[in-house]
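Here's the structure, in structure tokens; my notes come after.
The values are calculated or read from the model by the stated rules, or taken from the named source; none is laboratory data. Everything numeric here is computed off the predicted structure, so don't read it as measured data. Please note: Cβ atoms are built from the backbone with ideal geometry, for glycine as well, and neighbour counts cover all protein chains shown.
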Amino acid sequence: MKLYNSIGPNPHVVRMFIAEKGIEIPLEQVDLMAGENRREPYLQKNSAGQLPALELDGGHCVTEITAICEYLEDTHPNPPLIGSTPEEKAETRKWTRRVDLAICEPLANGFRFAEGLPLFKSRVVTVPEAADGLKRMAQDRLKWLDGEMNGKEFLCGKRFTLADILLYCFLDFGTQVGQPLKEENKNIAAWFQRVKARPSAEA
Ligand SMILES: N[C@@H](CCC(=O)N[C@@H](CS)C(=O)NCC(=O)O)C(=O)O
């Protein structure tokens, strides 16, 4: 197995998941800034032209970060980061999807359509006039999530899961690109420090 890796929050999610699992997977760096991911031969690995991609020993590539993490959970069930029962899995997938759709996507597109525009305008359809609204959408859902986190250690209560990893990596990215967590979100701020203290966050 090998992980095609780059800068950015999406590969960070998979590296952190791998570190939590305690698995060793070699990394092959792809130069995202130079657009290596948008050309052959990388497009054979991931026709969407994005990173990361997990190449299996038979040559097949698993792509999309949540699909990669699901694959790693199935092949390395311990420690469980999605869940060991149908109920746990459903709860993790619920929070992962909420975080992904309501926070990560608008945050990332807010970046791609503004600060990231010089890099992305020749790669994807960009809508600069939507950038401020997308950033506001992400902040609005973070405010809602802050209330949901009241009294909770992690998104799934006592269980540290993929949903925490996903949110952590994107909030960490947000602070680097002008979308920091607002101080008023005190529950998420405390949660962020708890997750940041895990060795896997450095992956
Ligand atoms: N939905 C994709 C998102 C992947 C993604 O956007 N990756 C970024 C790096 S964080 C990327 O490849 N950006 C460069 C580009 O789009 O050209 C996934 O789940 O893997």
Helices (runs of 4 or more DSSP H) within the range 44-144 that include 1 or more residues within 10 Å of the ligand (Cβ to nearest atom) and surrounded by fewer than 19 Cβ atoms within 10 Å (Cβ to Cβ): 65-75, 105-112, 117-120
Tabulated pairs, the range 74-100, first among the small types (G, A, S), second in a helix (DSSP H, G or I), C-beta under 9 angstrom, 6+ apart or interchain: G83/E73; G83/K89; G83/A90; G83/E91; G83/T92; G83/R93
Residues satisfying the stated conditions in the range 172-182, i.e. in a helix (DSSP H, G or I), touching a residue at least 60 places away in the same chain (Cβ under 8 Å) and out of contact with any His (no Cβ under 8 Å at 6 or more places or on another chain): G174
Per-region count, the range 160-191, residues surrounded by fewer than 19 Cβ atoms within 10 Å (Cβ to Cβ) and closer than 22 Å to S84 by Cβ: 0
Residue in the range 1-17 that is charged (D, E, K, R), touching a residue at least 24 places away in the same chain (Cβ under 8 Å), under 15 Å from R123 (Cα atoms) and within 16 Å of the ligand (Cβ to nearest atom) present: no
Scan of the range 1-28 for residues that are in contact with a strand residue (DSSP E or B) (Cβ under 6 Å, 6 or more places away or on another chain) and among the polar types (S, T, N, Q), ordered by number: N5
Those residues of the range 1-43 which are assigned to a loop (DSSP other than H, G, I, E, B) and among the small types (G, A, S), in sequence order: S6, G8, G22, A34, G35
Of all residues in the range 21-43 being more than 10 Å from the ligand (Cβ to nearest atom) and among the β-branched types (V, I, T), the one that is farthest from K94 (Cα to Cα): I25
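Here's the yes/no breakdown for (1) aromatic (F, W, Y); (2) assigned by TED's automatic domain parsing to the domain that holds H12; (3) more than 19 Å from the chain's Cα centre (by Cα):
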position	(1), (2), (3)
G116	no, no, no
G133	no, no, yes
M137	no, no, no
G157	no, no, yes
L166	no, no, no
G174	no, no, no
V177	no, no, no
W191	yes, no, no
V195	no, no, no
